[in-house]
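Okay, so here's the structure we're looking at.
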Amino acid sequence: MKFTLSWLKDHLDTEASLNDVVEALTMIGLEVEGVSDPSAAIKPFTIARVLTADKHPNADKLRVLTVDDGRGGEPVQVVCGAPNARAGLVGVFAAPGTHIPGTGIDLAVGTIRGFESRGMMCSERELLMSEAHDGIIELPADAPVGTSFADYLGLGDPVIEIAITPNRPDCLGVRGIARDLAARGLGRLKPDTVEMVRGAYPCPVPVALRFPETAENACPVFAGRLVRGVRNGPSPKWLQDRLKAVGLRPISALVDITNYVSYDRGRPLHVYDAARLTGTVHARLGRAGESFLALDGKTYAVDETMTVIADDAGVLGLGGIIGGEASGSTEATTDVFIESAYFDPNRTARTGRKLGINSDARYRFERGVDPAFVLAGLELATMMVIELCGGEPSEAVMAGQPPVVVKVVDFPVSEVKRLSGLDLPIAEVRAVLEALGFGVAGFGHDLAVTVPSWRPDIEGKADLVEEVVRIIGLDAVRSTPLPRLASVSAKVLTPIQIRTRRAKRVLAAEGLVEAVTWSFVSEAQATLFGGGAPALKLANPISADMSDMRPSLIPGLVAAARRNADRGFGDLALFEVGQIFAGDRPEDQSTAATAIRRGTARLIGSGRHWSGASGPVTVYDAKADAFALLDALGFDVSKAQVVRTAPSWFHPGRSGTIQLGPQTVIGHFGELHPAVLEALDVAGPIVAAEIILEKIPQPKAKASKAKPVLAASDLMPVRRDFAFIVADDVEAARILKAAEGARKGLVGGVQVFDVFRGEHVGEGRKSVAIEVTLVPSEKTLTEEEIEAASQAIVAAVSKATGATLRG
Amino acid sequence: MSDLASLETEILAAVDGAADEAALEGVRVAALGKKGSISELLKTLGAMSPDERRTRGAAINEAKDRVAAAIADRRGVLRRAAIEARLSRETVDVTLPVRPGPLSEGRIHPISQVIDEITAIFADMGFSVAEGPDIETDHYNFTALNFPADHPAREMHDTFFFNPKEDGSRLLLRTHTSPVQIRTMISQPPPIRVVIPGRTYRCDSDATHTPMFHQVEGLVIDRSSHFGHLKWILEEFLKAFFEVDHVKTRFRPSFFPFTEPSMEVDVGCRRSGSEIRIGEGDDWLEILGCGMVHPNVIRNCGLDPDEVQGFAWGMGIDRIAMLKYGMPDLRAFFDADVRWLKHYGFRPLDLPNLLGGLTS
């Protein structure tokens, strides 16, 4: 919403400065988005008269002028190159120090070919008024020397643009803004000047409402009046200036009047050339197949959800949105029919959106115009038509009734303090409300507040508190410390929040870099990673790359790895901890912690190094990430089963699933499947580990924070090595499990320290060497005891795996 | 010179001449070993008269002690020399670069870091962290929050929707974190003090908007908290978050469907070039929206707005991260360019807390 300061002063009797007005507007909720003062740039320029103009002795094209700048001092010497510079000319003078908008230069005292120049006579281009630069500006001889050129041009009317929140349709008219400012104490709201216009004859244009019962609220009132014998031409300069200042194009007096009332009162109107109307002008719902050519030059098809204005010949326009070309007023119009109606905000908004029409009328009707101003708006427009275009008015005609509902809110004044903390005298609360146009009845503390017809946003007590507080000023509310509920804050995070935070820190500490990627991926990416269900597809994705909710964090991270590789950073380790979606219910959303490594980005570092190159990433790097994470999250990794049943996007021979049992899968790790990498158009190797944080079992709450006593033996542990020959497909885990279980309580740990395949071992077989640590608990082990334990270990491993001890 | 004296001289010369510990040991055995030359002399004492033994014995023993001391000294010298030689052999080029460890390579994304900072501040003020699903119902995202049926935000133009279900309802991606206000109010009784960080989505993609972004929301519901408390909380938060001693705020009336009264908050700042300094200067920067929870919203959660009251606020996490840490472009947050992540990211152990200042 734009308006000028002088326009505001039509309604507001005030001495306030522009700055005061701007400051107050923002502080009462009418946020100022911009102030443009068209005169600001040419404010320093003054009108001056050239007294003498002599040819410069040292230059053919220059003249040396003496200029009367109107300040009453000595004439000022100016060197000037303009061909029209001559004695007696009245023009525009810039003193030294003035910023010249056309050149961007601050004028300085200069010496030109030996003569000092103490100012400049300006061209239009130098003031950015036009491109003219053939000579200096010539003003009429009686232009007042010494006065501001801006004032002389009448440019002293600053334009203010404010943002209007959707709850304030009343401020889509200048008078509403003036009312708010007056309530704030910035002046006095001037009395309204709208008067009843006495019609000279019955209106010859009949009007009607033709809606089905279910849509009567679409247009509850439709009023109008004929003015005959008007002369429609350009509107007067003051009106054109105001419209231009707020960004509207003057068209003709009749159209300009409707635009003026729209901005002055937030009351949109429409004018028809009565000669182009047929029969009864009426409002009704559109019909399929109807269309009309609108004033914006486009043809719109209407339908039965839309309110149209029609006559007996067909659709004239869309009610509350835009009028039609065929019935519009022109320079030739002599009889004008002025329409003032009320259109339902919701239907207006829907129609406007459907057709993509943004008009000043729609903007106002969809927010809710003052239903009590339907007739007054008609009177105001009639008065202006008679004044600017002449003519003779008919009586007004009206179909339906304005939907004015009197709303009364019971308002205990204590509500102000309860919600805002602001303790105000009752009289002050009453005064604010009354200044805003509320009716205030009741005595003492309990008020009955009648809501003015122009405030559809006011529903209850809280709204009235807002009115009082915003006018008194939010600054008046003192900051009040919020009392603590406890002296030391209790734990504020849920277990999953704690896991999420810790997972990020652990993965970063593993040398991975955290990325945040989109929650949506392409359909192809989703499908590759087990997603792509119809329920998780967006109906209106912003692009095809972002159509499906992600089933895994891996595709987003792989795509990120690819972008980085394309930039020349191929060795990289990324992670993300974020939401993944298995379905559209809240319980289908879970939190994945996912790490990927590409190229040689291993834990020890990446790329070549004098101490040894790191080599390509392997499944074991991903497994290490997964286990580091699980361990740091307090999960006993010795309880985890690692099985070879990872999902299809992993290399089937180089991947694993981490689970507690087939029903409790915690996550997966492995090298990504070459076909998946190819589908994602990225080169490998890439390994990934994905852990679902919700799936990690929550440790049972313990009664005490104390840890069990450490049972550390003073006796020396004994280590023995065993090399087993087993079939190639025997998993190391089986050997370890058998060895660990061979002598419970004695075997303290088992390590695989060598895995070997080759001729010595034989085709289809491998050698797995383990180191077993025996931990004595009561006394030092004898050789016999150690030997017995060793035999038990060999027997257990052989029984479990068919292994033989390597000779 | 006596035989003893010449023997001693001879042995001491041999000690001095021993080139290494093995040679020295040979000298020791030759002199002091069981059959060593001095040991042999001592054996001759038994055949002597007591007087002769007294003088001769003392002399031999003194010579023995001197030899032993000389050997010990020589051994010390040889040991030091051997260590010196070893150290010299073992010298390496310490200017060779080492591999950076994982703690130097890893980074935390600024969004995670800022969420941790926000959590640290509000935890200190007694707030818990609440969360909710990204895929929401129309009810939680709009209706319960007092959005009118025809509100433009409900259009496909602004909100990501899923395809309609058989019953005609359709789910959406939450456009703000406010649905979690509703979920919190219906699941726990007042007093409520929560902050709600999370991902949010709107159909928007240009230089300053991304279709996914992050918000943090706060909610206080009890029997007495009013706008003055809200003002205090936000002022304290802004000071703590931007780590400045003073911050100027300006509360402007505004409008949101779910609060009444509603306010936007500007924070005092100084702009110089592309840099914005919070806590200085005379410019204003809009930073968040807030207000008293609308009575309809309280009612929609089964509570009585005449009995309980409270306030809520919301702001963009990405945006305040940009303001604090100076990233110029929102879109880069989600591009995962390792150069950006390494530059603007935080080190794994940079854990925000209030003990040493959020960013110490």
Exercise for review: Rounding to the nearest 20 debye, state how big the charge dipole of the stretch B:109-344 is about its Cα centre with +1 on each Lys and Arg Cβ and -1 on each Asp and Glu Cβ.
Suggested key: 180
Exercise for review: Assign unit charges at the C-beta atoms only (+1 for Lys and Arg, -1 for Asp and Glu), then state the dipole size of the protein assembly as shown relative to its Cα centre in Debye, rounded to the nearest 20.
Suggested key: 3200
Revision key, fill the gap. Counting Lys and Arg as +1 and Asp and Glu as -1 over every other residue whose Cβ sits under 15 Å from the Cβ of B:Val129, the net charge comes to +3
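Checking the a/c ratio against 1.5 first, then a/b against b/c, what shape does the Cα gyration tensor give for the stretch B:109-344?
oblate
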Point to revise | Spin-label pair A:Ala490/B:Asp204, simplified geometry with 7 Å Cα→Cβ offset, distance in nm | key: 3.7
Exercise for review: Please arrange B:His109, A:His673 by counting, for each residue, the other beta carbons lying within 10 Å of its beta carbon, fewest first.
Suggested key: A:His673, B:His109
Practice item. For A:Lys639, go through the aspartates and glutamates and keep the ones whose alpha-carbon is under 14 Å away, minus same-chain ones fewer than eight residues off. Key: A:Asp631, A:Glu740
Check your understanding: For q = 0.09, 0.15, 0.19, 0.21 Å⁻¹, what log10 I(q)/I(0) does the stretch A:40-153 give under the Debye formula with an equal point scatterer on each alpha carbon and no solvent?
Key -> -0.20, -0.58, -0.96, -1.20
Practice item. May I ask for the angle, rounded to the nearest 10°, between helix A:783-801 and the longest principal axis of chain A, with both axes built from Cα atoms and the value confined to 0 to 90°? Key: 60
Practice item. Give the order of A:Val752, A:Val477 when sorted by the count of other beta carbons within 10 angstrom, beginning with the fewest. Key: A:Val752, A:Val477
Study note, to complete from the structure: Footprinting proxy, B:Met156, A:Met129, B:Met125: sorted fewest to most Cβ within 10 Å, the residues are B:Met156, A:Met129, B:Met125
Exercise for review: May I ask you to order A:612-618, A:650-656, B:18-24, B:308-314 by the average number of other C-beta atoms within 10 Å around their residues, highest value first?
Suggested key: B:308-314, A:650-656, A:612-618, B:18-24
**Study point:** Cβ charges +1 (Lys, Arg) and -1 (Asp, Glu), total dipole of the stretch B:160-204, debye
**Key:** 160
Check your understanding: Fully extended, how many nm does the chain gain between A:Arg210 and A:Asp410 (0.36 nm per residue separation, minus their Cα-Cα distance)?
Key -> 68.2 nm
**Study point:** Residues of the stretch A:638-659 with amide N under 17 Å of the 7 Å Cα→Cβ point at A:Thr618
**Key:** A:651-656
Study note, to complete from the structure: Partner shielding of A:47-54, as the mean number of partner chain Cβ atoms within 10 Å, equals 0
Review point. For A:Ala712 and A:Ser798, FRET efficiency with R0 = 35 Å and r from the beta-carbon atoms, rounded to 0.05?
Key: 0.60
**Study point:** Rule-of-thumb Rg ratio for the stretch B:3-90 [Cα; 2.2 N^0.38 Å; N residues]
**Key:** 1.30
Exercise for review: Using DSSP to define loop residues, name the trypsin sites (Lys or Arg not before Pro) in the stretch A:267-338 whose beta-carbon has at most 16 other beta-carbon atoms within 10 Å.
Suggested key: A:Arg287, A:Lys298
Point to revise | Cα→Cβ-extended label distance, 7 Å offset, between B:Arg99 and A:Asp20, nm | key: 7.4
Point to revise | For the protein assembly as shown, the Rg and Dmax computed from alpha carbons only, in angstrom | key: 44.9, 171
Check your understanding: Contour minus end-to-end for B:Glu21 and B:Glu84, with contour as 0.36 nm per residue of separation and end-to-end as the Cα-Cα distance?
Key -> 21.3 nm
Revision key, fill the gap. Distance in Å, no decimals, from the C-alpha centre of the stretch B:46-100 to the one of the stretch A:279-352 is 118
**Study point:** Where only alpha carbons of the stretch A:407-475 are counted, the Rg and the Dmax (Å)
**Key:** 10.7, 30
Point to revise | When each of A:Lys623/A:Lys766; A:Lys766/A:Lys799; A:Lys491/B:Lys239 is checked by Cα-Cα distance, pairs over 28 Å | key: none
**Study point:** chain A, relative contact order in percent, only Cα pairs under 8 angstrom and at least six apart counted
**Key:** 8
Check your understanding: Could the peptides A:331-343, A:619-631, A:98-110 be put in order, highest first, of the mean number of other beta-carbon atoms found within 10 Å of their residues?
Key -> A:331-343, A:619-631, A:98-110
Practice item. Return the whole-Å distance between the Cα centroid of the stretch A:164-198 and the Cα centroid of the stretch A:362-376. Key: 14
Check your understanding: So which of A:Lys504/A:Lys537; A:Lys461/B:Lys165; A:Lys190/B:Lys248 end up more than 30 Å apart, counting from Cα to Cα?
Key -> A:Lys461/B:Lys165; A:Lys190/B:Lys248
Point to revise | the stretch B:149-279: relative contact order in percent, alpha carbon pairs under 8 Å with at least 6 residues between | key: 15
Study note, to complete from the structure: Cα extents of the stretch A:412-520 per principal axis, largest first, Å, are 70, 41, 23
Check your understanding: Shielding of A:501-512 by partners, i.e. mean partner chain Cβ atoms within 10 Å per residue?
Key -> 6
Exercise for review: At a Cα cut-off below 15 Å, give the aspartates and glutamates reachable from B:Lys34, other chains included and same-chain residues fewer than 8 away excluded.
Suggested key: B:Glu25
Review point. How many angstrom separate the Cα center of the stretch A:57-93 from the Cα center of the stretch B:208-238?
Key: 64
Review point. How well do other chains shield peptide B:332-344, expressed as the mean number of their Cβ atoms within 10 Å of each residue Cβ?
Key: 5
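All of the numbers you see were taken from the coordinates with simple rules; none came from a lab. The structure presented is a predicted model; accordingly, all values stated were derived computationally and were not measured. Using ideal geometry, Cβ is built from the backbone for each residue, glycine included, and neighbour counts are taken over all protein chains shown.
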